[in-house]
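The values are calculated or read from the model by the stated rules, or taken from the named source; none is laboratory data. On a predicted model such as this, the values are computed, not experimentally measured, just so you know. Cβ: placed from backbone, ideal geometry, glycine included. Neighbour counts: every protein chain shown.
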Amino acid sequence: MLTKLRRRIVKKYRIIYKRGPSTLAMFFAGMAISSWLGVLLLSGYPLFQYVYYTLVPSTSSKLSAVLGKAETSHSETKWVKEGEAISLPPLDISLPGGHYLMIPSIGVDAVIWEAPGSDYERALRRGLWRVPEFGGPDTQGTMILAAHRFGYLEWTQEYRRVNSFFNLPKLEEGSEIEILWDQRLYKYRVTRLTESEEIDDYESDLILYTCKFLVSPVRIIVYAERV
């Protein structure tokens, strides 16, 4: 009985082997392989960053140098204007002191770090840097915040999401931005998001600035107005 059953099984698979897999089977096999390759590529991206930064350790420094050149030569375009008062939101002593940026739609909730232009790397290693040649929310002028997208090896993915501009490309026109500055809450609305090699509008109240790729002259630039 067992011998007869074994012969039937061998005969069945011998026929399948001779005919080869059907077109439908090949189609589903191709779909499965493509899906797995897609999953591997997406899940392996953080590993790619790790390997890249290991092989090219100066990458972060190079990106910092790029971010450090936030067109400071145009800082007179909309800087503090003497004699012009700016309306300040009410002081709220229940709010923490210090300087913070919050963008709820992309999960940013970060400290804004201060550093001179000659030492911007120190601030960028922590997250967000305010370009000092420009103003703050409490002055009559443009405010520019720069940050890495991918950051440094020691950053976790959660730290990167909260303290950098990793998800800045996901912002849309009309998105809300908040800045907490010395216990006053300032609110902004995104007016435009561009990909360019330089800032082209210094009349905006707030500009967010980062690099698009690990090594690329293209920047992601967000312009916003105070509301």
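Over 16 Å from the mean Cα position of the chain (by Cα) and of a type in the set (S, T, N, Q): does that describe Thr156? No. Return the only residue of Asp92, Asp119, Asp138 being surrounded by 14 or more Cβ atoms within 10 Å (Cβ to Cβ) and more than 14 Å from Leu208 (Cα to Cα). None of the others qualify; the one that does is Asp138. Restricted to the range 182-200, and to residues that are surrounded by fewer than 15 Cβ atoms within 10 Å (Cβ to Cβ) and either more than 23 Å from Val111 (Cα to Cα) or among the β-branched types (Val, Ile, Thr) (or both), which residue is farthest from the chain's Cα centre (by Cα)? Among residues in the range 182-200 that are surrounded by fewer than 15 Cβ atoms within 10 Å (Cβ to Cβ) and either more than 23 Å from Val111 (Cα to Cα) or among the β-branched types (Val, Ile, Thr) (or both), the one farthest from the chain's Cα centre (by Cα) is Asp200. Checking the structure you have, find out if any residue of the range 171-193 is among the β-branched types (Val, Ile, Thr), free of Cβ contacts under 8 Å to residues at least 60 places away in the same chain and part of a helix (DSSP H, G or I). So far as the range 171-193 goes, no, none of its residues is among the β-branched types (Val, Ile, Thr), free of Cβ contacts under 8 Å to residues at least 60 places away in the same chain and part of a helix (DSSP H, G or I). Taken across the range 109-119, residues that are modelled with pLDDT of 90 or more and under 13 Å from Arg184 (Cα atoms) do not occur at all. Scanning the range 178-220 for residues that are of a type in the set (A, V, I, L, M), out of contact with any helix residue (DSSP H, G or I) (no Cβ under 9 Å at 6 or more places or on another chain) and within 15 Å of Leu128 (Cβ to Cβ) turns up Ile179, Leu180, Leu206, Ile207. Note on the range 194-213: among residues that are among the hydroxyl-bearing types (Ser, Thr, Tyr) and not in a strand (DSSP E or B), the one that is farthest from Ile93 (Cα to Cα) is Tyr202.
Go through (1) crowded, with 24+ Cβ neighbours inside 10 Å; (2) part of a loop (DSSP other than H, G, I, E, B) one by one and return the number of the condition Trp129 breaks. All conditions pass for Trp129, except number (2).
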